[in-house]
1. With respect to residue 18, is the statement that it is buried (at least 21 other Cβ atoms within 10 Å of the Cβ) and modelled with pLDDT of 95 or more true?
2. In segment 1-54, what residues are assigned to a helix (DSSP H, G or I) and either touching a helix residue (DSSP H, G or I) at 6+ places or on another chain (Cβ under 7 Å) or closer than 18 Å to residue 244 by Cα (or both)?
3. Given the conditions (1) in contact with a helix residue (DSSP H, G or I) (Cβ under 7 Å, 6 or more places away or on another chain); (2) on the phi > 0 side of the Ramachandran plot, and given that residue 200 satisfies all but one, which numbered condition is not satisfied?
4. Return the only residue of 128, 124 being assigned to a helix (DSSP H, G or I), in contact (Cβ under 8 Å) with a residue 60 or more places away in the chain, over 21 Å from the mean Cα position of the chain (by Cα) and in the same structural domain as residue 190 (by TED's automatic domain parsing).
5. Here's a check for you: in segment 40-60, which residue that is out of contact with any strand residue (DSSP E or B) (no Cβ under 9 Å at 6 or more places or on another chain) and loosely packed, with under 13 Cβ neighbours inside 10 Å is nearest to residue 9 (Cα to Cα)?
6. Residue 155: surrounded by fewer than 17 Cβ atoms within 10 Å (Cβ to Cβ), assigned by TED's automatic domain parsing to the domain that holds residue 116, within 24 Å of residue 124 (Cα to Cα) and modelled with pLDDT of 95 or more, yes or no?
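The values are calculated or read from the model by the stated rules, or taken from the named source; none is laboratory data. All figures in this text were calculated on a predicted structure; none of them were measured in a lab. Here Cβ is always computed from backbone atoms with ideal geometry, including for glycine, and neighbour counts include all displayed protein chains.
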């Protein structure tokens, strides 16, 4: 059985391509929303809740998973760490699928900055006046609020009940929430910048499919400050950023295959 940890829109494509060869799949996503996206796929087992390390280990053993594809979000570091450790302990093949980084294409743009930590983010934002648009996701809201900035911060998040409850729990004002599902066009990003008089946009390097390019182009056009929370540099033995090549690797006899 092939195991798949899916956390991005490419997950649906991977499953569709794999289904041409097999439905002997264990799929794990972090939410019922993620499971809904995969409802048209064929698989033997679908888990729709976050798994702790020991839970992942138990389910891989129980279902005799021989290969595990970690296609979690580039910023889901705990998931990746657990998956790598479990595969090492169980002697299961670990394969990473990760969206290609896009930020390097904008390294010469003066108003776009990449940071490695929230401490570095604070040092940049503490002297800036004006409204900040946070597009890094609901799981980072608390970290950003803990910077105790004086700025108004607007958070663009998924329009799910769970996410909105998280915002309420963090005492985020209703007027500081944009609840919409992306990715968004450059034009819509420009509209948000203009409507809310945004001076700074916070974003992740989530790749082309994550709408990062459209955000960066809008930032560039309006001349506002764009601050990108950079990815952690993790070395993988086997890694893909193309769904077709990944499926070829998974469905052929292991040989002298190199991406």
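1. Answer is yes for this residue.
2. 10, 11, 12, 13, 14, 15, 16, 17, 18, 37, 53
3. (2)
4. 124
5. Per the stated criteria, the residue is 40.
6. No: the conditions fail for residue 155.
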